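The values are calculated or read from the model by the stated rules, or taken from the named source; none is laboratory data. All of these numbers come straight from a predicted model, not from anything done at the bench. All Cβ positions, even for glycine, are placed from backbone atoms using ideal geometry, and neighbour counts span all protein chains on display.
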Amino acid sequence: MKRIKGGEEDGNGSSSESSPEACKKVRTQTSEESEEEEEEEEASETPESDWVRLPQELLLHVFQYLPLLDRAYASQVCRRWNQAFHMPELWRYFEFELNQPASSYLKATHPDLIKQIITRHSNHLQYVSFKVDSSTESAEAACNILSQLVNCSLKTLGLISTARPSFMEVPKSHFISALTVVFVNSKSLSSLKIDDTPVDDPSLKVLVANNRDTLKLLKMSSCPHVSPAGILCVADQCYGLRELALNYHLLSDELLLALSSEKHVHLEHLRIDVVSENPGQHFHTIKKTSWDAMVRHSPKFNLVMYFFLYEDEFGPFFNEEVPVTHLYFGRSVSKEVLGRVGLHCPRLVELVVCANGLRPLDEELIRIAKRCTQLSAIGLGECEVSCSAFVEFVKLCGRRLSQLSIMEEVLIPDHKYSLDEIHWEVSKHLGRVWFPDMMPTW
Amino acid sequence: MVHTCVHWFRKGLRLHDNPALMAALRDCQELYPVFILDPHLHNDTCVGINRWRFLVGALRDLDCSLRKLNSRLFVVRGKPEEVFPELFDKWKVTKLTYEYDTEPYSLSRDQTVTTLAKEHRVEVLYKISHTLYDIDRMIEENNGKAPLTYNRMRAIVKTLGPPKKPIPAPTMEDMKDVKTPCSENHEQKYEMPTLGELGHDTAALGEEQFPGGEQESLRRLDEHMKRTGWVCGFEKPQTSPNSLSPSTTVLSPYVTFGCLSARTFWWRLAEVYQGKKHSDPPVSLHGQLLWREFFYTASVGIPNFNKMEGNPVCTQVDWDTNPEYLAAWREARTGFPFIDAIMTQLRQEGWIHHLARHAVACFLTRGDLWISWEEGQKVFEELLLDGDWALNAGNWQWLSASAFFHQFFRVYSPVAFGKKTDKNGDYIKKYLPLLKKLPAEYIYEPWKAPRSVQQAAGCIVGKDYPHPIAQHEVISKKNIQRMKLAYAKKSTDAAGSPSKKKSVKRSAPSVVDMLRKKDRGK
């Protein structure tokens, strides 16, 4: 539980040191009262007076446990509680949920509440996110709120599209100007999530100019208006950047080298979405030396790669060693490519294959078990593996496999094992009871 | 004391394995077998024409069987709470029997009727025979909760032992002291429902593939059980969604309406299995019946089971409201032939293979159109012959990865999935004849065919057949991310107070995350 700090706005000027003493005061008071009660059993002490004596800090502490709605109810009880409700500490975090009531399944933040926050609490806000549905109105409403956060010193900002990427429907200039308000005023942005938005290179420059010393996390997958130069500018100047998510077309050797430069902190997490917009698209390659530099500089970093490619677009990938740790194939991937994964991904920790086809992945899986010695989680969707090969795979991985998610249709019974025998064998090698995942028979 | 008894048929439209009916016959001098056409249940929104035809057939069959026992079926129209007091008085009823039904509407309706019965001094007796086991007992065995995994349920079933054996149908001997007073104008007063009675367009009816009724169900059961090799080797996932004639038993509509007793089915299978090597649940035919049991148990143990809101096991997802998408899916014009063929068979025949259901359910919800599973549930309820409240709700939640199932990376491809079992697209050609002339290469993806090929086949995409409603590759990628968001929200909601939230979890978005949610659900 976060420790409460007496803020500058706090009327009674109590500092953090006084809190434990205040607590002690209340404790001694109540223990005195209970002693009195024990002595005079007939005395009927009115309990309301105790509540009035509860210090603001404790009230604040309790309020922090309450969800917003309950807090709002509590704030209507009396003036003191209303004051507590508006203390800055309770307004550090806020998630604006913007949905059109006629078309959304989830509730929206009340517009009056939004108004109140902007007028009374905008300068208290530090960790803010916007969840919007698929309507342009909701995204525009989010931008309107953003434009009004002039006195805000945000540390975290998240723009999240829950259904369709509605921020992309907002006129680009409107979006950029709203976002720029935050970039310029915050000057201490640490975490920024702007996936699926029309952010562009110039606005990234503004972000960097104002927040270069504080930026630690930047997520901008599927931002089509950004170029490799734009993101390179971020890497070149934000030495504290620890987490980055972007699309493959923004990745370059220069970017990786910038992230591995001496001044740069250790990178913790790099997520790359490799997405094909048109069948037969060509993808550039990244030099092995650039990846090597990354691993040297940040030996523990997670490299998460999501592939949404057509089967014939994998040519540029997995021909040399790549330090990927979490690998996810969103569509069909060929046996051949999975064979290359086994050869060139020694740091692999998790592997998910949505679909492969009708030829069994026996050799490929066994190779992965042998060479990806860190592998601890695997998920197979529409693939085929013979039961014997699967047992061999599990035997080779042993107990390091903490997650094994295989659809039951994946396993092909053979002369050695049937479907019901296999779950025993696998459970034996895993050291826990295991069943394949099943789909109900409708 | 001798009784004047009403046996109330709702589901359980059969004479075999009907303990409530047998209870009605005990010490009975007058018997009134009744079926109530309840406007709440029997209207043209809830019941499509194929379902209606099936029900009408089942009722005729029931009447026919009752006649052989010197009895008749009384079809009464109206709300049960209004109809019963009249009948209690008119017939001087002293006992009411019925087969227990776990649906929320049924439970509340039966509660009302029981209260009314008490007021009229009618003894009420119900028996459990629609499910293999007593569902409440099943929940009790699981510490008061519905099991959320099939394997957990199997473990409970093991401790409960095999289901009760079915009892035979009443014989003339059982009926010897029982009379069913029948007036001359019985046909007018309690007439069998007609096909057009609910206002359906009967001209649209296709050939009847699956006639309703107990006789038909027992005949089909006999026929299938004869194929003992097939029964023993049966593994449902290996059957084909798009074979030209059903590759499974299609006994499900009969079990849904109660024309066939689940216990009878179970024990007939046990006879066939005896001594022979056979497949095991979940893929075996016994497994199918256990899946049904699983969803019935879930539907009783989980509140608001047919909705997302207020349903504690259902992931809260901000599905899109998009009437055009929904209509295109419902009316078989998504531009994806595999999907459209399935939806066409569904509307024409009232039955589709379970894997076909998976494909269209995934397509509507998390796979492509991002529309709420509750909408799909409504369409299936109307069109499926074996549409069952509990199974429908449960399967829709499963397929949309809203509950029970969390490996949302496993998406059915509307193009590739059907190709596996039907390379030439014969199934598509059967149900979408306008695509008949397209070569196998393009039949699953006609938009890829060159103009000349489309012209030669007499089917231009965009003119004769719609463009694909969404680009599967693009949209499924977005949807996987949205699903992940919905799951992330699930775990932060559980944490409660907003002051705890700093930023969404930063660790690798991964299989681990997806699977951890599953464990929490158990």
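Okay, here's what the table says:
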read-out	value
Selection count where residues are surrounded by fewer than 20 Cβ atoms within 10 Å (Cβ to Cβ) and part of a helix (DSSP H, G or I), scope region A:249-292	9
Top-ranked residue of region A:311-333 - restricted to ones that are within 14 Å of chain B (Cβ to nearest Cβ) and hydrophobic (A, V, I, L, M, F, W, C), ranked as surrounded by the most Cβ atoms within 10 Å (Cβ to Cβ)	A:Leu327
Region B:26-46, residues that are surrounded by fewer than 19 Cβ atoms within 10 Å (Cβ to Cβ) and more than 29 Å from the chain's Cα centre (by Cα)	B:Arg26, B:Asp27, B:Gln29, B:Glu30
Check on B:Gly206, more than 26 Å from B:Leu269 (Cβ to Cβ) and of a type in the set (Gly, Ala, Ser)	yes
Some residue of region A:386-400 being within 14 Å of chain B (Cβ to nearest Cβ) and among the acidic types (Asp, Glu)	no
Any hit, region A:429-441, residues being in a helix (DSSP H, G or I), at pLDDT 90 or above and within 14 Å of another protein chain (Cβ to nearest Cβ)	yes
Scan of region A:163-180 for residues that are buried (at least 21 other Cβ atoms within 10 Å of the Cβ) and at the interface with another protein chain (Cβ under 9 Å from one of its Cβ atoms), ordered by number	A:Ala163, A:Arg164
A:Leu411 vs. criteria under 27 Å from B:His286 (Cβ atoms), facing chain B (nearest Cβ under 10 Å) and without any contact (Cβ under 8 Å) to a residue 60 or more places away in the chain	no
Candidate set from region A:227-244 (those that are among the hydrophobic types (A, V, I, L, M, F, W, C) and in a loop (DSSP other than H, G, I, E, B)); member that is nearest to the other protein chains (Cβ to nearest Cβ)	A:Leu241
Candidates A:Leu380, A:Leu375, A:Leu404 - the one that is under 25 Å from A:Thr325 (Cα atoms), at pLDDT 95 or above and within 14 Å of another protein chain (Cβ to nearest Cβ)	A:Leu375
Count - residues of region B:301-325 that are over 30 Å from B:His467 (Cα atoms) and within 10 Å of chain A (Cβ to nearest Cβ)	3
Region B:101-131, subset in a helix (DSSP H, G or I) and among the hydrophobic types (A, V, I, L, M, F, W, C), residue surrounded by the fewest Cβ atoms within 10 Å (Cβ to Cβ)	B:Leu107
Subset of region A:302-321 that is in contact with a helix residue (DSSP H, G or I) (Cβ under 6 Å, 6 or more places away or on another chain) and not acidic (Asp, Glu) - its residue that is farthest from A:His282 (Cα to Cα)	A:Phe318
Single unsatisfied condition, A:Ile160 versus (1) of a type in the set (A, V, I, L, M); (2) under 27 Å from A:Tyr105 (Cα atoms); (3) crowded, with 19+ Cβ neighbours inside 10 Å; (4) more than 9 Å from every other protein chain (Cβ to nearest Cβ)	(4)
Cross-chain or 6+ apart pairs with Cβ under 6 Å, region A:212-226 first and within 13 Å of chain B (Cβ to nearest Cβ), then in a loop (DSSP other than H, G, I, E, B)	A:Lys216/A:Ser190; A:Lys216/A:Gly240; A:Lys216/A:Arg242; A:Lys219/A:Asp195; A:Ser221/A:Asp195; A:Ser222/A:Asp195; A:Ser222/A:Asp196
Scope region B:57-100; condition among the charged types (D, E, K, R), surrounded by fewer than 21 Cβ atoms within 10 Å (Cβ to Cβ) and in a helix (DSSP H, G or I); matching residues	B:Arg60, B:Asp63, B:Arg67, B:Glu81, B:Glu82, B:Glu86, B:Asp89, B:Lys90
Those residues of region A:338-367 which are crowded, with 20+ Cβ neighbours inside 10 Å and of a type in the set (Val, Ile, Thr), in sequence order	A:Val341, A:Val349, A:Val352, A:Val353
In region A:371-419, residue nearest to A:Asn356 (Cα to Cα) [restricted to those that are part of a helix (DSSP H, G or I) and in contact with a Gly (Cβ under 9 Å, 6 or more places away or on another chain)]	A:Val410
Residue in region A:125-144 that is under 25 Å from A:Asp196 (Cα atoms), surrounded by fewer than 17 Cβ atoms within 10 Å (Cβ to Cβ), at pLDDT below 90 and in contact with an Asp or Glu (Cβ under 8 Å, 6 or more places away or on another chain) present	no
Among the candidates B:Ala341, B:Ala328, B:Ala298, residue that is at pLDDT 95 or above and within 14 Å of chain A (Cβ to nearest Cβ)	B:Ala298
Residue in region A:181-195 that is of a type in the set (D, E, K, R), surrounded by 17 or more Cβ atoms within 10 Å (Cβ to Cβ) and either modelled with pLDDT under 95 or not in a helix (DSSP H, G or I) (or both) present	yes
Some residue of region B:433-451 being farther than 30 Å from A:Val128 by Cβ, at the interface with chain A (Cβ under 10 Å from one of its Cβ atoms), more than 31 Å from the chain's Cα centre (by Cα) and at pLDDT below 55	no
Hey, A:Pro299 out of contact with any Cys (no Cβ under 7 Å at 6 or more places or on another chain), under 28 Å from A:Gly381 (Cα atoms) and either at pLDDT below 95 or away from every other protein chain (no Cβ under 14 Å) (or both) or not	no
Among residues of region B:364-383, those that are aliphatic (A, V, I, L, M), in contact (Cβ under 8 Å) with a residue 60 or more places away in the chain and within 17 Å of B:Ile352 (Cβ to Cβ), counted	1
Selection count where residues are hydrophobic (A, V, I, L, M, F, W, C) and farther than 11 Å from B:Phe294 by Cα, scope region B:113-155	8
Selection count where residues are in contact with a helix residue (DSSP H, G or I) (Cβ under 8 Å, 6 or more places away or on another chain) and small (Gly, Ala, Ser), scope region B:58-76	2
Any chance A:Gly381 is without any contact (Cβ under 8 Å) to a residue 60 or more places away in the chain and on the phi > 0 side of the Ramachandran plot	no
From A:Val352, A:Val341, residue being within 14 Å of chain B (Cβ to nearest Cβ), within 22 Å of A:Val394 (Cβ to Cβ), in contact with a helix residue (DSSP H, G or I) (Cβ under 8 Å, 6 or more places away or on another chain) and not polar (S, T, N, Q)	A:Val352
Filter result (within 23 Å of the chain's Cα centre (by Cα) and modelled with pLDDT of 90 or more) within region A:93-123	A:Tyr93, A:Phe94, A:Glu95, A:Phe96, A:Glu97, A:Leu98
